[in-house]
1. Can you give the translational diffusion coefficient of the range 126-174 in µm²/s, computed by Stokes-Einstein from the Kirkwood radius over Cα pairs at 25 °C and 0.890 mPa s?
2. I'm spelling it out carefully: the read-out is P(r) over Cα pairs in 10 Å bins from 0, in percent, the candidates are (1) 8, 27, 21, 17, 14, 9, 3, 0; (2) 9, 32, 31, 19, 7, 1, 0; (3) 8, 27, 27, 23, 11, 3, 0, and one was derived from this structure. Which label?
3. Percent relative contact order of the chain, based on C-alpha pairs within less than 8 angstrom and at least six residues apart?
4. How high is the relative contact order of the range 2-112? Use alpha-carbon pairs under 8 Å, at least six apart in sequence, and give a whole percent.
5. Expressed in nm to one decimal, what extension gain is obtained for the pair LYS59 and ARG178 from 0.36 nm per residue of sequence separation less their Cα-Cα distance?
6. How far apart, in nm, are the 7 Å Cα→Cβ label points at ILE69 and ALA13?
7. Give me the distance in nm between label points sitting 7 Å out from Cα along the Cα-to-Cβ direction at ILE159 and LEU144, one decimal.
8. Which one, ILE163, ILE70, ILE90, has the greatest fluctuation when you compute a Gaussian network model over the chain with C-alpha springs under 10 angstrom?
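Nothing in this text is a laboratory measurement; each read-out follows from the coordinates by a stated rule. Since this is a predicted model, take the numbers as computed values, not measurements. Note that each Cβ is placed from the backbone with ideal geometry, even for glycine, and that neighbours are counted across all protein chains shown.
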Amino acid sequence: MVRSTSKHFKFGALARRYASAIFDLASEEGRTRPLLEEFQRFNDALQKVPLLCKSLEDKEISNKSKRQIITEIAKVISLSAVSQNAIMLIAQKGRLTLFDSITESYRKMAEELERMARVEVQVANQALVKTVQDGIEKILSDVLKKKIVCDTRVDSSLIGGAIVKIGDVAIDASIAGRLAKMKEELI
C-alpha cells in the first residue's frame, strides 16, 4: 500500500512537471485553452483505443514510426504542431501512460489562469440537477470571485439534498448524511 502511494506521488509530480512545461509554452503563445482542448482530444483517443497507447509505449517500435502514427492522429483530430511535438516528446520518453494525468494537471493550470473553479456536486435525483447546479454556481462565483463549473451527478442513495465538493472540502447537505450524523450522535 505504501509503495503504490509513493508511486502515485512520484508520477503525479512527473505529470505536473510535463504539464507545467507545456503550459508555459502555451501561455507564451496565448494558446492555453486551445492546447487543452487538443490534449483532451488526444487523451480521448487514447482512452477509446487502449492499444494505441500500448503501441506508442512499445520500445520495439521506432521513434520514426511513433512520429508517423502521431502525425496521422494529429491530422484526424486536428492537433497543432505544438501539441503534436509535445505528445511526441512524451511518447519518446515512454511517459504516454501519464498522459491522462498530464492533461488533468494542465487543465487545472488553465482553469486557474482563467479564474475558474471546478466543483463536484452529487444530488439525490435528476429533477434537482439544474436547480442545484445553478444555485451553487451563483453562490460560489459571488463568494470566490471565480467562474464556477459544476460537475454534477445523480446519487439516489442520498435520499434528498446534495453533497458539494470544492477541492478538499466537502459539504454534505444530504438527507442520508444528516441521518448518518443523527445515528452517530444517538450512539
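1. Estimated via Stokes-Einstein, D reaches 214 µm²/s.
2. Looking at P(r) over Cα pairs in 10 Å bins from 0, in percent for this model, the match is (3).
3. It comes to 19 percent, rounded to a whole number.
4. Working: 75 pairs, mean separation 51.1, N = 111.
Over the range 2-112, the number comes to 46 percent.
5. Additional length available on full extension: 37.5 nm.
6. 3.0
7. Calculated label separation equals 2.9 nm.
8. Highest fluctuation among the options: ILE163.
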